[in-house]
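J.: What follows is a single structure, and I will ask about it in a moment.
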Amino acid sequence: AIALLRVLLPEDPTPALLAKASQLVESKHFTEAGKYYEQVIKVRPREALAIKGLERVKKELEIQALLEKAEKQAETENYEQALNHCYDVLRIQPKNEKAKGLVDVIKSIGLAEAALEARNWTEAADLINKAMETYPESKLLTRYLEKARSEKNVAADLQRAKDNNQTYAALLLE
């Protein structure tokens with residue numbers, strides 16, 4: 001009788017679908033995981049694990065989208081928008097390290113920009129170097145460090161030129 005039931009009733013795919021969705025969440029493949037949770041919900045609309053899993057996946061996808069927007073805004077030097085996106089992430093997930101890191105990078109850039117405007121190249125480079133210790137992969141920090149070094153070199157070249165002009169002028173007066 002049990003064998004006949006197994007033949008007549010198909011095996012419940014829910015446990016396998018939930019297991020696959022869970023694996024995908026663990027490997028951060030949230031879009032694919034969401035599809036598996038949706039399949040479970042079609043079969044079992046009140047399946048708590050699938051409902052919670054789908055909510056988590058949607059939250060993670062929202063966080064990813066906000067972080068991508070924040071990074072793009074920061075790369076185009078729209079720092080206020082970038083910070084707003086980071087703060088949106090931190091409202092959803094207060095311990096999100098990537099959002100915290102981007103906030104720190106942007107703040108460091110703000111301080112470095114102030115130092116650059118004050119023509120304090122060494123301080124600007126030091127601020128950026130310190131931030132790069134924590135975020136060595138930051139393209140934004142790398143770009144600002146190159147700018148600070150370039151400005152410092154230009155200032156040094158200009159000072160040498162002034163010194164050379166003064167020396168030349170002194171020689172002409174002799």
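The values are calculated or read from the model by the stated rules, or taken from the named source; none is laboratory data. In this text the structure is predicted, and so the values were computed from the model without any measurement. Don't worry about glycine lacking a Cβ; one is built from the backbone with ideal geometry, like all the others, and counts go over all protein chains shown. For the accessible areas, the whole protein counts, side chains as well, though only heavy atoms, and no ligand, DNA or RNA atoms are used. Shrake-Rupley method; radii C 1.70, N 1.55, O 1.52, S 1.80 Å.
Residue by residue, here is whether (1) part of a helix (DSSP H, G or I); (2) basic (Lys, Arg) holds:
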residue: 84; (1), (2): yes, no
residue: 116; (1), (2): yes, no
residue: 119; (1), (2): no, yes
residue: 137; (1), (2): no, no
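J.: Something else now. Looking at 21, 74, can you tell me which residue is within 30 Å of residue 151 (Cα to Cα) and of a type in the set (Gly, Ala, Ser)?
T.: So the residue among 21, 74 that is within 30 Å of residue 151 (Cα to Cα) and of a type in the set (Gly, Ala, Ser) is 74.
J.: Then there's this: Kindly indicate the residue of the stretch 90-104 that is more than 10 Å from the chain's Cα centre (by Cα) and assigned to a helix (DSSP H, G or I) and also surrounded by the fewest Cβ atoms within 10 Å (Cβ to Cβ) among those meeting that condition.
T.: Restricting to residues being more than 10 Å from the chain's Cα centre (by Cα) and assigned to a helix (DSSP H, G or I), the top hit is 91.
J.: So residue 111 fits all but one of (1) open to solvent by less than 50 Å² (accessible area, probe 1.4 Å); (2) modelled with pLDDT of 85 or more; what number is the exception?
T.: Evaluating residue 111 over (1) open to solvent by less than 50 Å² (accessible area, probe 1.4 Å); (2) modelled with pLDDT of 85 or more leaves (1) as the failure.
J.: Something else: Which residue, of 54, 102, is in contact with a helix residue (DSSP H, G or I) (Cβ under 8 Å, 6 or more places away or on another chain) and more than 18 Å from residue 142 (Cα to Cα)?
T.: Values: 102 fails: more than 18 Å from residue 142 (Cα to Cα).
Sole residue among the options that is in contact with a helix residue (DSSP H, G or I) (Cβ under 8 Å, 6 or more places away or on another chain) and more than 18 Å from residue 142 (Cα to Cα): 54.
J.: What are the pairs, 6+ residues apart or on separate chains, where a residue within the stretch 37-55 that is touching a residue at least 12 places away in the same chain (Cβ under 8 Å) has its Cβ under 7 Å from a residue that is among the hydroxyl-bearing types (Ser, Thr, Tyr)?
T.: Taking only residues 6 or more apart or on different chains, the pairs are 40/14; 43/14; 44/14; 47/14; 50/37; 53/37; 54/37.
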